[in-house]
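Each remark here refers to the structure printed beneath this line.
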Ligand SMILES: NC(=O)c1ccc[n+]([C@@H]2O[C@H](COP(=O)([O-])OP(=O)(O)OC[C@H]3O[C@@H](n4cnc5c(N)ncnc54)[C@H](OP(=O)(O)O)[C@@H]3O)[C@@H](O)[C@H]2O)c1
């Protein structure tokens with residue numbers, strides 16, 4: 001039985017590199033996102049807006065017509081939204097939760113029967129270091145990724161008896177289209193917040209654009225796929241691993257004093 005991998009967010013960045021890498025390794029790749037990758041892709045591609053449950057229903061029907069099993073599901077699609085919480089609108093908050101959390105839950109839930117048909121099915125969710133450490137002025141992004149980490153942990157326990165492994169990969173700053181695709185806030189400077197929002201966003205954008213290559217994340221995904229027992233949450237890169245570890249052992253007040261100095 002050929003190995004089938006379904007990757008959401010395969011039109012750009014980490015998802016696209018994962019798709020190309022897995023294709024080169026002989027996997028049957030199925031890509032998914034709202035638009036096709038810019039370059040012509042040589043594998044089946046399902047268009048789907050994960051922010052719309054009806055669209056997920058339709059896309060899932062298409063996937064069931066393409067394959068009778070899925071060995072690996074990589075939930076990589078995601079969006080970022082920045083800005084002060086006081087300025088964030090209900091619609092922005094709803095949008096990021098729909099795409100980064102509820103859409104991931106809904107497509108995963110609908111594909112579990114196909115994953116169960118694989119010999120050792122795996123679900124790999126792309127979380128973020130920002131889901132372990134809250135970054136101000138992109139708090140909704142941090143909230144959505146923290147939710148993905150908790151989703152990973154719960155799903156892992158629930159699916160263990162079926163032999164399905166579930167993990168989350170937590171990249172730090174990665175140089176992709178994510179920076180340009182992030183929803184920008186309507187207010188970047190005002191009398192109350194002064195230039196704090198603008199400075200914080202500039203710092204996060206610079207960090208991302210000087211960040212690691214998406215291939216660093218792909219290597220971690222590849223290693224996970226090969227492992228029999230996958231770890232629960234895997235941070236990518238030595239310095240980010242150290243950061244997450246320190247954030248767990250240092251007093252929270254100290255951790256958030258440092259975060260405030262960096263992004264506050
Ligand atoms: N870059 C970083 O610094 C970084 C750090 C930590 C974690 N991450 C996470 O890594 C994942 C991949 O991001 P990336 O850096 O590769 O960014 P990216 O280049 O912007 O890729 C995001 C992907 O998600 C898809 N997507 C966005 N909204 C969607 C929707 N409503 N429905 C379906 N697909 C949608 C996009 O395709 P379409 O626009 O065609 O739909 C695209 O393929 C995300 O989950 C992100 O949160 C990124």
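Taken together, the values in this text are just the output of simple stated rules run on the coordinates, not laboratory data. Predicted model only: the values in this text are computed from it and were never measured. Cβ sites come from the backbone with ideal geometry, for glycine too, and all protein chains shown count toward neighbours.
Averaging the inverse of every distinct alpha carbon separation and then flipping it gives the Kirkwood radius. What is it for the range 4-263, in angstrom units?
Roughly 18.8 Å, rounded to one decimal.
Order the peptides 139-150, 37-48 from the highest to the lowest mean number of other Cβ atoms within 10 Å of their residues. Before the final figure, lay out each step's value.
Details: 139-150: 20.4, 37-48: 14.7.
Ranking the peptides 139-150, 37-48 by packing returns 139-150, 37-48.
Averaged over all directions, how much area does the convex hull of the C-alpha atoms of the range 146-189 cover when projected, in nm²?
For the range 146-189, the mean projected area of the Cα convex hull comes to 4.9 nm².
Could you list 134, 18 in order of exposure, starting from the residue whose Cβ has the fewest other Cβ atoms within 10 Å?
134, 18
Taking neighbour counts of Cβ atoms within 10 Å as a proxy for exposure, in what order, fewest first, do 1, 215 appear?
On the way: 1 9, 215 15.
Taking fewest neighbouring Cβ atoms as first place, the list is 1, 215.
Taking a spot 7 Å from the Cα of residue 89 along the direction of its beta carbon, which residues of the range 165-205 have an amide N less than 13 Å from it?
184-187
Using just the helices of the chain, give the 222 nm mean residue ellipticity in deg cm²/dmol: DSSP H runs with n ≥ 4 each add -39,500 (n - 2.57), and the total is spread over all residues, rounded to 500. Can you show the working numbers first?
Values: 10 runs with 124 residues, N = 264.
So the helix-based figure for the chain works out to -14500 deg cm²/dmol.
Rg/Rh for the range 134-210: what does it come to with C-alpha atoms and Rh from Kirkwood?
Value, to two decimals: 1.13.
Of 91, 205, how do they rank once you tally other Cβ atoms within 10 Å and put the fewest first?
Listed from fewest to most nearby Cβ atoms, that is 91, 205.
Can you bin every Cα-Cα distance in the range 156-255 into 10 Å intervals starting at zero and give me the percent of pairs per bin, rounded to whole numbers?
With a bin width of 10 Å, the distribution comes to 13, 30, 32, 19, 6, 1.
What is the spin-label model distance, in nm, from residue 109 to residue 190 if the labels are put 7 Å beyond Cα along the C-beta direction?
Placing both labels 7 Å along Cα→Cβ, they lie 3.6 nm apart.
At 7 Å along Cα-to-Cβ for each site, give me the label-to-label distance between residue 248 and residue 210 in nm.
Those two pseudo-labels are separated by 2.8 nm.
Jot down the per residue volume, in cubic angstrom and as a whole number, of the convex hull over the alpha-carbon atoms of the range 26-164. It would help to have the intermediate numbers written out before the result.
Working: hull volume 16.8 nm³, N = 139.
Measuring per residue, one finds 121 Å³ for the Cα hull of the range 26-164.
If r is the Cβ-Cβ distance from residue 40 to residue 181 and R0 is 22 Å, what FRET efficiency results, to the nearest 0.05?
Efficiency computed from Cβ-Cβ geometry: 0.55.
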